[in-house]
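To keep things clear, I will list the structure first and then write my remarks on it.
The values are calculated or read from the model by the stated rules, or taken from the named source; none is laboratory data. Worth saying up front: this structure is predicted, and the values here are computed from it rather than measured. Because the Cβ atoms are built from the backbone with ideal geometry, glycine has one as well, and the counts that use them run over all protein chains shown.
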Amino acid sequence: MTLRFRPIGTGSDLNLDAPRLIIAGYTGRDAAAVAAHIEELAAIGIPPPASVPAFFELDPCLVTSDPVVKIIGANTSGEAEPVLIRHNGRHYLGLGSDHTDRDLERADIAASKAACPKPVGHQVIALPDDLGALNWDAIEVESDVDGQPYQRGVLASLRTPTDLLSRLTSTLGELGDDLVIFCGTLPLLTGEFRAGRRWRLQLKLDPNTSLTHSYEVLPHHG
């Protein structure tokens, strides 16, 4: 399988053949806040992760840029996430949604993530060779569901790409070249998941550089 992205400012696609898809969870920089969040989730029946951060390797066929995605579960929701893409030794920043089955999540987090497509925007941004030079903390992220604000914030609360890649390598070993990594997300404005139909995501690096993606969820019949 091949995933295709378009780096902004170029006229050619970025083609990833048989990439590894890794979903990173519990990637907050504040360890105490992450621990408190895990306790909150446990209170509503979601089991704690095996490690913090937690890494879930999924079938890359789940990744899609289609504007309409079909979902089997009735109680699912998305969330805006920075997506780190690696190809031919270069890194790119994309925008995606770790759409998840919230009912299944109470029994098996990995299965709940594998149960839903992973929407991503087609456009990506080429990153500097030195990932530490990226002003990660100032990047703004937001999401809306059915026209209502769902998430608003900056990436200062999440682990940096350099930190995340180091922890991934320590956990999974050598990662290889073609990678798609969902880097985690921000708290919800209401604190509660919402099973909406229309999702809009935005990631803004500066006033002149941003990524957006919208998708609609439809029930899968048959």
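The selection criterion, being under 16 Å from A24 (Cβ atoms), of a type in the set (G, A, S) and more than 18 Å from the chain's Cα centre (by Cα), does not hold for S157. Within the set D98, D137, D144, the sole residue that is charged (D, E, K, R), in contact with a helix residue (DSSP H, G or I) (Cβ under 8 Å, 6 or more places away or on another chain) and farther than 21 Å from H220 by Cα turns out to be D137. When we screen I23, I8, I72 for residues that are under 19 Å from P187 (Cβ atoms) and of a type in the set (V, I, T), the only hit is I23. Within the range 96-109, the set of residues being outside any loop (DSSP other than H, G, I, E, B) and either in contact with a Cys (Cβ under 7 Å, 6 or more places away or on another chain) or surrounded by fewer than 20 Cβ atoms within 10 Å (Cβ to Cβ) (or both) comprises T100, D101, R102, D103.
For L93, the criteria (1) buried (at least 22 other Cβ atoms within 10 Å of the Cβ); (2) within 23 Å of E192 (Cα to Cα) hold in every case but one, which is (2). Checked against (1) crowded, with 17+ Cβ neighbours inside 10 Å; (2) part of a loop (DSSP other than H, G, I, E, B), P128 meets all criteria but (1). Contact annotation: residue pairs with Cβ atoms under 8 Å, 6 or more positions apart or on different chains, pairing a residue in the range 187-215 that is within 10 Å of S143 (Cα to Cα) with a partner that is of a type in the set (D, E) and surrounded by 18 or more Cβ atoms within 10 Å (Cβ to Cβ), are L188/E79; W199/D144; R200/D144; L201/E142; Q202/E142. Figure legend. Inter-residue proximity from the range 145-167: first residues farther than 13 Å from L84 by Cβ and touching a residue at least 12 places away in the same chain (Cβ under 8 Å), second residues part of a helix (DSSP H, G or I) and among the aliphatic types (A, V, I, L, M), beta-carbon distance below 9 Å, spacing 6+ or different chains. Indicated pairs: V154/A138; A156/A138; S157/A33. Taking the criterion of being part of a strand (DSSP E or B) and more than 29 Å from P47 (Cβ to Cβ), the residues of the range 110-125 that qualify are Q123, V124, I125.
Specify the residue that is farthest from S166 (Cα to Cα); the eligible residues are those in the range 66-95 that are touching a helix residue (DSSP H, G or I) at 6+ places or on another chain (Cβ under 7 Å) and of a type in the set (S, T, N, Q). Checked the range 66-95; the qualifying residue farthest from S166 (Cα to Cα) is N75. For the range 13-53, a tally of residues being of a type outside the set (V, I, T), at pLDDT 90 or above and assigned to a strand (DSSP E or B) returns 6.
Of all residues in the range 138-159, count the ones that are over 23 Å from A195 (Cα atoms) and not aliphatic (A, V, I, L, M). Of the residues in that region, 3 qualify. Of the numbered criteria (1) in contact with an Asp or Glu (Cβ under 9 Å, 6 or more places away or on another chain); (2) charged (D, E, K, R); (3) more than 17 Å from L175 (Cβ to Cβ); (4) surrounded by 16 or more Cβ atoms within 10 Å (Cβ to Cβ), the one R4 fails is (4). Against the test of being basic (K, R) and either in a helix (DSSP H, G or I) or within 14 Å of the chain's Cα centre (by Cα) (or both), the options R152, R167 yield a single qualifying residue, R167.
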